[in-house]
1. Please give the number of the condition Thr57 fails out of (1) within 17 Å of Phe210 (Cα to Cα); (2) surrounded by 16 or more Cβ atoms within 10 Å (Cβ to Cβ); (3) more than 21 Å from the chain's Cα centre (by Cα).
2. Which condition number does Ala391 fail, the rest of (1) at pLDDT 95 or above; (2) more than 18 Å from the chain's Cα centre (by Cα) being met?
3. Looking at (1) part of a strand (DSSP E or B); (2) surrounded by 24 or more Cβ atoms within 10 Å (Cβ to Cβ); (3) of a type in the set (Ser, Thr, Tyr), can you tell me which one Thr250 breaks?
4. Specify the residue that is surrounded by the most Cβ atoms within 10 Å (Cβ to Cβ); the eligible residues are those in the stretch 363-387 that are out of contact with any helix residue (DSSP H, G or I) (no Cβ under 7 Å at 6 or more places or on another chain) and touching a residue at least 40 places away in the same chain (Cβ under 8 Å).
5. With the stretch 150-225 as the region, which strands (runs of 3 or more DSSP E) entirely inside it contain at least 1 residues that are farther than 20 Å from Gly139 by Cα and touching a residue at least 40 places away in the same chain (Cβ under 8 Å)?
6. Could you look through the stretch 253-288, keep only residues that are free of Cβ contacts under 8 Å to residues at least 60 places away in the same chain and among the β-branched types (Val, Ile, Thr), and pick out the one that is surrounded by the fewest Cβ atoms within 10 Å (Cβ to Cβ)?
7. Every residue in the stretch 98-132 that is in a loop (DSSP other than H, G, I, E, B) and either touching a Gly at 6+ places or on another chain (Cβ under 7 Å) or of a type in the set (Ser, Thr, Tyr) (or both), please.
Amino acid sequence: MNFELTPTQQTLQARTRAFIAEHVIPLENDPRLGPHGPEESLRQHLVGLAREAGLLTPHASKELGGLGLSHVDKAIVFEEAGYSRLGPTALNIHAPDEGNIHLMEVVANAAQKARWLVPQVQGLTRSCFAMTEPAPGAGADPSMLKTLAVRDGNDYVITGEKWFITGAYGATYVIIMAAMEDGTATMFLSDMSAPGIELVRHMDSMDTCFTGGHAVMRFNQLRVTADQVLGEVGKGFKYAQIRLAPARLTHCMRWLGQARRANDVATAYAATRQAFGQTLGQHEGVGFMLADNEIDMQTARLHIWHTAWLLDQGQTCNFESSRAKVVCSEAEWRVVDRCAQILGGQGVTGETEVMRIFMDMRSFRVYDGPSEVHRWSMARKLLKAAAPQVAK
C-alpha cells in the first residue's frame, strides 16, 4: 500500500489541522468542560463551528450530509481532530456517536434513519450504546448478557441494568443490546425519554472528554414496538462486530492525535528547559524517551493505516482490529506516560494539557475490550489456524 497522501487528503488534513488550532484549542479551558465532559451548550458551540467549516460528521455518507470518508481518510482526519480532546466532539466523531452513526447507516431501515440518524448526523442530537452490565452480566464477555427482551404481542418488554454507558446523560436515543428468550441477542432502538428508562447516576471516572460522561441506567419494563428492532431479531452479536471492529480503530486514530499533542508539548519543553548545564533533551535519558515516542507513534500509525486499508478493501478485519487496539492503546499510552515524566511537575498538574491527556487516555486500554481479552482472542485464532498444520 502507498502511504503518501493524495492532494485531496493533504488538503483535508490541512483544513482539519487549521480548524483544531484556530477554533477548538482556544476552548479547552472553557468552564463548560466539567467532570462529566462538555456541557450541551459547549457541544453545540463546537458543532456549530465545525458545521461552518464544512467538517461536521465527516465519516457519514455524502447522502446524509457527511464527507463520505474512507477508513484511510478517517485515519487522517480523526488523528488531526484528536489533537485536542474537544476536537472529536466538534466534528461529531466522538464515542459512542461515531460508532453508532456507522452502525445505523449499515443496519437501520429508512424510517429509523429518518427518525434517529439524520438529526444525529446534523449534530442536533446525541446517542448512547447500552451493552455493558454489572456482574454477573456482560462485560468483556458479551455472551453473559442479562438484560432480557420478552415478546409481548407486537411489542418487546426490556428489563435489565447497564453501566459504563458513555453519553447517556443528554442522549436523545439509545441502542440497547438485550438477550432474547432463546439465548440470542437483539439490538433495539428507543428514545431516551421513553417510560421505563431510568438514569440512575453518573459514574465518576478519570476521563472527562466524553460528552455526557458515563452512566448507570436501568430498563424497567421498557416497552418497544417491533419496528424499533435494529436490523433483524437474533442478530445482535453480528451487528456488534459491525460496530466494534471499525470503532476500535477510530479510537486508535483519535488517541494518536492526543499522543502527538502530548509529545509536542514535551519536546518543546525538553528543547528549552535547562538542567545540569544543558537542555533536558540533550540528556540521553530524556532524548531516548523522545526517540521512543516517535517509534511508538509511527508504529501505531502504521497499524491504523494498514487495518484501515484492509477495511477499505472490504475485509472483515476482526483479528487486525484487535491487534491494532492492543498495539495502539499501549503504544500511545507509553508516549503520554513518558511525556508526563519529561515534564516533571508540569506533567502532573494542569499547567499543560498532558495531565488531562494522561487521565483521559488511561481507560483506552480497558474499553472496547481490554488488551488481555484481545490477546486471548488473537491467540485462539492463531492456535486454531495452526491446528491443521500440527496434525500434518
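The values are calculated or read from the model by the stated rules, or taken from the named source; none is laboratory data. Remember, predicted model here, so these are calculated numbers, not experimental data. Reconstructed Cβ throughout: ideal geometry from the backbone, glycine too, with neighbour counts over all protein chains shown.
1. (3)
2. For Ala391, the failing item is (1).
3. It is condition (1) that Thr250 fails.
4. Here is the first cut: in the stretch 363-387, the ones out of contact with any helix residue (DSSP H, G or I) (no Cβ under 7 Å at 6 or more places or on another chain) are 363, 366-367, 370, 372-373, 376, 379-380, 382-387.
So of that shortlist, the ones also touching a residue at least 40 places away in the same chain (Cβ under 8 Å) come out as 363, 367, 370, 373.
Details: Ser363: 16, Tyr367: 20, Pro370: 16, Val373: 17.
The qualifying residue surrounded by the most Cβ atoms within 10 Å (Cβ to Cβ) is Tyr367.
5. Values: elements: 155-166, 173-179, 185-191, 197-203, 214-225.
Filter on the stretch 150-225 gives 155-166, 173-179, 185-191, 214-225.
6. Narrowing the stretch 253-288 to residues free of Cβ contacts under 8 Å to residues at least 60 places away in the same chain: 264, 267-268, 271-279, 281-288.
With the extra rule that they be among the β-branched types (Val, Ile, Thr), the set shrinks to 267, 272, 279, 286.
Values: Thr267: 17, Thr272: 10, Thr279: 16, Val286: 21.
Taking the candidates together, the pick is Thr272.
7. Step one: of the stretch 98-132, the residues in a loop (DSSP other than H, G, I, E, B) are 108-109, 122-126, 131-132.
Passing the criteria: Gln122, Thr125, Arg126, Thr132.
Each row is one residue, and each column tells you yes or no for (1) among the aromatic types (Phe, Trp, Tyr); (2) modelled with pLDDT of 95 or more; (3) in a helix (DSSP H, G or I).
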site	(1), (2), (3)
Met361	no, yes, yes
Gly369	no, no, no
Arg375	no, yes, yes
Leu382	no, yes, yes
Ala387	no, no, yes
